[in-house]
Every structure is written in C-alpha cells, then in structure tokens.
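Asks: Sharing a structure, written as structure tokens. Questions coming.
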Amino acid sequence: MATVVFDTELGACALSWVGDAVTGFALPESDPEQLRARFAERDGTPPLTEAPAGAIAAAVTAIRAHLAGELDDLRWIALDLSGVPQFHREIYRIIREVGPGRTIGYGEVAALAGAPRGAQAVGRAMGRNPIPLIIPCHRVLAADHALHGFSAPGGIDTKQRMLAIERTSGFGEPTLF
C-alpha cells in the first residue's frame, strides 16, 4: 500500500492505494503535516513525497478538480474494498450511483439495499466509509433533509461545503425566501 498527501482548494487530502485501486481517502484537513503523521503511523511508512503515476495520478487530478468545482462523478476510479463487510460494500455501491448535485436519504439507501428498516445501519456504514468523496457519503441526508453528524474533519460544515461545491440544490445558493 502507498499513500500520497496532496493539496486541494479545501485543504490537504490523502489517498491510499494498492496497484491501481484506491483503498482509502482522507477528506480535507487544514494541517497537512498532521495528516502525513497520521498516515505514517497507520501504515508504518510515511506517505510518498513524489507524485503518483498512472491511474492514481489521474484520480488525484480529478479529486483536485472536483473540489475546485469542476465536477466529476469519480465512478471511474477503481476501488479495493476487500476488507469491507459485504453489506457496507452494497451500501457503497448504491451511494456511488448518486451523482454530484443530487442527494439520497438513509432510508432510501436502506430500501435499495434490501433492508427497508436499515437506515441506522446505513448511517453506521457511512461513518465507516474508508473512501469518502469517491464513495460520496456526504450526499446521504436524513429523512428531513437536514445535515446530521458527519465524521470528517470540519463535521457538518465540511459536508455542507462539499454539497455547495457540487451545486446541490439548497446548499450554498441564495434562496427566494
């Protein structure tokens, strides 16, 4: 496994991969050195200092552009979810189908996964999402469409900012009333 820390419009992000498949992603943080230290401790080796190549370089470029407002659904990025429970993989597959500018409810995801009473289980899967943004858990909202809990740095403010970047209706735009 390798990791790279890179700057974006929202702060430093980290991307981990094996081969050409992404295994982890860290949403923007304000302190890139703290992010590097956390990944070095987790992986036992420091993040790369040189830029990645091939498919991973393309993923980094697309993530930077996406967070700058040049939207991409990022579905083309290969993922390695081999260590993730099957139910979570199904939830993540469903979430990846929700494109930028759109949202879905926890209950809707649960129903699509064949667990119509499983909204809380979907919430737990979102909280354990190893690859946020690429698996867009920020697009999953409560039944009342409110922003509740978001475990990324910056919490709900980060979720709201990402939805605004994606030009999601009701987030970051003036309203008539």
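Asks: I'd like the antiparallel share, as a percent to the nearest 5, of DSSP beta bridges with both residues in the range 1-113.
Replies: Among the beta bridges of the range 1-113, antiparallel pairing accounts for roughly 85 percent.
Asks: By how many degrees, between 0 and 90 and to the nearest 10, does the Cα long axis of helix 86-96 differ from the longest principal axis of the chain?
Replies: Relative to the chain, helix 86-96 is tipped by roughly 80 degrees.
Asks: Obtain the nm distance between the two label points defined at Glu9 and Asp144 by a simple spin-label model: each point lies 7 Å from its Cα along the Cα-to-C-beta direction.
Replies: 3.1
Asks: When each pair of different Cα atoms in the chain is counted once in the 1/r mean, what is the Kirkwood radius in angstroms, to one decimal?
Replies: 16.7
Asks: Within 9 Å, Cβ to Cβ, of Pro100, how many net charges do the neighbouring residues add up to if Lys/Arg are +1 and Asp/Glu are -1?
Replies: 0
Asks: Taking the 0 to 90 degree range and rounding to the nearest ten, how far is the long axis of helix 54-67 tilted relative to the main principal axis of the chain, both from C-alpha atoms?
Replies: 50
Asks: In nm, what is the difference between 0.36 nm times the number of residues separating Arg89 and Ser30 and their Cα-Cα distance?
Replies: Full extension of this stretch gives 18.3 nm more.
Asks: If the chain between Ala51 and Gln120 were fully stretched, how many nm would it gain, using 0.36 nm times the residue separation less the Cα-Cα distance?
Replies: Answer, rounded to one decimal: 21.0 nm.
Asks: For the chain, which span is the longest to avoid every loop-located (per DSSP) member of GluC sites (Glu not before Pro) having at most 16 other Cβ atoms inside 10 Å?
Replies: 98-177
Just so you know, all these numbers are worked out from the coordinates, no wet-lab data involved. The shown structure was predicted, so the numbers you read here are calculated from the model rather than taken from an experiment. No Cβ is skipped: glycine too gets one built from the backbone with ideal geometry, and neighbour counts run over all protein chains shown.
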